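What follows is one structure encoded as structure tokens, with my remarks underneath.
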Amino acid sequence: MVKIYVAGHQGMVGSAIMRQLENLTLNDGAVETVVRSRSELDLTNQSEVRDFFRTERPDAVILAAAKVGGIHANNTFPADFIYQNLMVEANVIHQAFAAGVTRLLFLGSSCIYPKDAAQPMGEDALLTGTLEPTNEPYAIAKITGIKLCESYNRQHGTDYRSVMPTNLYGPGDNFHPENSHVLPALIRRFHEAKIEGSEQVVIWGTGNPRREFLHVDDMAAASLFVLGLDRATYEANTRPMQSHINVGTGDDVAILELARLVARIIGYQGQIATDASRPDGTARKLLDVSRLAGMGWTATIGLEDGIAKTYRWYLDHEDQLRT
């Protein structure tokens, strides 16, 4: 029996991981999951996290807990994003080590790479240039998480791994009209425009930036694939101070093209306009996923199919999502 603590199990990624763990058997045997809600365990509180690990003594940890948001949220609450994410990472990783946990998976973000990194962005682009200003505090926190894992591995011989997903979407996403990421924001906006009979939908920015999108179920599958790799295979495909692994599809789409796809799936037939006064963010963010592909994993859920599934989930939960 392998006892796995999933931090952030109620979030979009954490809940997807929980769904897959229900029927998973790792190399060490059947899986038992341990979870705590935010009200039960404050991951920014060092003493609470210490007491939890001393009591539960998990065999492995999946660190999917994080404060996340889109451009507007990152611009508005930069202190919250860097402080909360740093505290969660430092507390969970250190207390896992203190409790004797030797295997941990940290989930980061593709925003760790420089704003002007060559495309597609390989793992070796980390720390080679200036970050995108709109989400720099969040990115720095995620870089710190990677370096925490690598530093504990170097000093203490632990097996702490990091995966860096591209833009995620799917069931459980945040559809808030101001604080969500681009894809759920578009789904909600076009749905409401269709219901209200609006003649036009305006999207932020020029529509030219290109983004890569990965369905959260694919991310969960990739996370468990990496966690389940034997140590020799993982270390043979990484380096001690560049041990993170990109997770994505290897394909991207222009935001305006994405908006048109979402509108078509939802059935909105009005006009789509752009607002160039709003920030675009990075011009392009496409991950080089050859490292993970070389280990034997690739994404399976196409963008159109994934958006359609996400829209159906949104319709099923629309009443709960209204704010």
(request) Could you pull out the residue among Asn75, Asn23 that is surrounded by fewer than 17 Cβ atoms within 10 Å (Cβ to Cβ) and over 21 Å from the mean Cα position of the chain (by Cα)? (result) Asn23
(request) Would you check if there is a residue in the stretch 270-281 being under 25 Å from Gly170 (Cβ atoms) and either of a type in the set (Val, Ile, Thr) or exposed (fewer than 13 other Cβ atoms within 10 Å of the Cβ) (or both)? (result) yes
(message) Take Leu256 and tell me if it is touching a strand residue (DSSP E or B) at 6+ places or on another chain (Cβ under 8 Å) and closer than 14 Å to Gly205 by Cβ.
(response) yes
(request) Filter the stretch 141-193 down to residues that are more than 24 Å from Met18 (Cβ to Cβ), among the small types (Gly, Ala, Ser) and crowded, with 22+ Cβ neighbours inside 10 Å, then give me how many there are. (result) 1
(request) For the stretch 292-323, name all the residues that are out of contact with any strand residue (DSSP E or B) (no Cβ under 7 Å at 6 or more places or on another chain), under 14 Å from Leu214 (Cβ atoms), assigned to a helix (DSSP H, G or I) and hydrophobic (A, V, I, L, M, F, W, C). (result) Ala293, Ile307
(request) Could you check, for the stretch 91-108, whether at least one of its residues is surrounded by fewer than 18 Cβ atoms within 10 Å (Cβ to Cβ), aliphatic (A, V, I, L, M), free of Cβ contacts under 8 Å to residues at least 12 places away in the same chain and farther than 30 Å from His176 by Cβ? (result) no
(request) State all residues of the stretch 252-270 that are not in a loop (DSSP other than H, G, I, E, B) and not β-branched (Val, Ile, Thr); if no residue qualifies, say none. (result) Ala254, Leu256, Glu257, Leu258, Ala259, Arg260, Leu261, Ala263, Arg264
(message) Just checking, does the stretch 52-61 include any residue being over 27 Å from Ser110 (Cβ atoms), in contact with a strand residue (DSSP E or B) (Cβ under 7 Å, 6 or more places away or on another chain) and either surrounded by 17 or more Cβ atoms within 10 Å (Cβ to Cβ) or modelled with pLDDT under 90 (or both)?
(response) yes
(request) From the list Asp288, Asp316, pick out the single residue that is among the acidic types (Asp, Glu) and under 14 Å from Asp173 (Cβ atoms). (result) Asp316
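The values are calculated or read from the model by the stated rules, or taken from the named source; none is laboratory data. All of these numbers come straight from a predicted model, not from anything done at the bench. For neighbour counting, all protein chains shown are included, and Cβ atoms are generated from backbone atoms with ideal geometry for every residue, glycine included.
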